[in-house]
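Student: Let me begin by handing over the structure; questions about it come next.
Every read-out reported here was derived from the displayed coordinates using simple, explicitly stated rules and does not represent laboratory data. Every value quoted in this text rests on a predicted model; they were computed, and no experiment measured them. Every residue, glycine as well, gets a Cβ built from its backbone with ideal geometry; the counts of neighbours run over all protein chains shown.
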Amino acid sequence: MKWVEYIREFPPFKRFHLFGMTGSIVVLACVVIPMIAYVGNAGERFSPLNHFISELGLVGVSRLACVFNAGLVAAGVLYVLFALGLGVEVGGWWAAVGTPAGLVSAVSVACVGVFPMNNLTPHIASAMLFFRSGLVTVLLFGIAIQFQRPDRRVVARRSNIAGIVTLLAFAGFLVWMELQPGGYSDFRPSAFRNRPAVWVSAILEWSILVTMITWFFTVGACRRYPKAQSE
């Protein structure tokens, strides 16, 4: 396919891992900075133990909601470039089907910023699309990385260790939320009035953020430029 060859020869995509790593740095910044300034409706400070990540983008509550929301949009753009570059560079059918999943995941990240929790219905839809497509993305790209052609291995297979942990985080969160009596009602502001000191749903969501960022950096650290190496 000519368009694949064009992208493969386009210099920025040969540095695809830098897009993923830069996007993750942007995410870290847009999470940590609003977290420091956050004061909730009850006067509480932000805690990953019982606050959802998206609360940092809640306009009217989070003081730096604009930083969080704009950061997610920027990260989404960078993740689009990462998914395209990774898919083309790794090559093969698994990467070919993983790339669209990666693009959906990246766009859904941006949509979480475009639709903060003030617009709850599209926000939940965007967030859940990210959780589901993110799981599929890591799974398909993990398989693609594992079965790369020996003569053009561009990501070391040891990166899949981080991928497996990330998959467990995604699966754990999704299964947990499906088992909750109220479904995804934990995301509704009404649930925040009586938030527990330790909220399992929130902790599992944070585990996705931590493991996903770890995966991006691990893939970046395992990037290999020589076209023919044995592991």
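Student: Of GLY102, GLY60, GLY91, which residue is crowded, with 18+ Cβ neighbours inside 10 Å and either among the small types (Gly, Ala, Ser) or under 22 Å from ILE203 (Cβ atoms) (or both)?
Tutor: GLY102
Residue by residue, here is whether (1) buried (at least 16 other Cβ atoms within 10 Å of the Cβ); (2) closer than 25 Å to ARG45 by Cβ holds:
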{"residue": "THR166", "(1), (2)": "yes, no"}
{"residue": "LEU174", "(1), (2)": "yes, no"}
{"residue": "LEU179", "(1), (2)": "no, no"}
{"residue": "GLY183", "(1), (2)": "no, no"}
{"residue": "PRO189", "(1), (2)": "no, yes"}
{"residue": "ARG193", "(1), (2)": "no, yes"}
{"residue": "PRO196", "(1), (2)": "no, yes"}
{"residue": "ILE208", "(1), (2)": "yes, yes"}
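Student: Would you say VAL112 is in a helix (DSSP H, G or I), under 27 Å from LEU84 (Cβ atoms) and without any contact (Cβ under 8 Å) to a residue 60 or more places away in the chain? Break it down stepwise before answering.
Tutor: Values: in a helix (DSSP H, G or I): yes; under 27 Å from LEU84 (Cβ atoms): yes; without any contact (Cβ under 8 Å) to a residue 60 or more places away in the chain: yes.
In short, yes.
Student: Identify all residues within segment 62-117 that are of a type outside the set (A, V, I, L, M, F, W, C) and within 22 Å of ILE33 (Cβ to Cβ); write none if there are none. Quick ask: steps written out before the conclusion?
Tutor: Taking segment 62-117 and keeping what is of a type outside the set (A, V, I, L, M, F, W, C), we get 62-63, 69, 71, 76, 79, 85, 87, 89, 91-92, 98-100, 102, 105, 108, 113, 116.
Selection gives SER62, ARG63, ASN69, GLY71, GLY76, TYR79, GLY113, PRO116.
Student: For the condition small (Gly, Ala, Ser), part of a helix (DSSP H, G or I), under 27 Å from HIS51 (Cβ atoms) and over 18 Å from the mean Cα position of the chain (by Cα), what is the one hit in ALA191, ALA144, ALA127, ALA169?
Tutor: Working: ALA144 fails: under 27 Å from HIS51 (Cβ atoms); ALA127 fails: over 18 Å from the mean Cα position of the chain (by Cα); ALA169 fails: over 18 Å from the mean Cα position of the chain (by Cα).
Unique residue meeting the criteria: ALA191.
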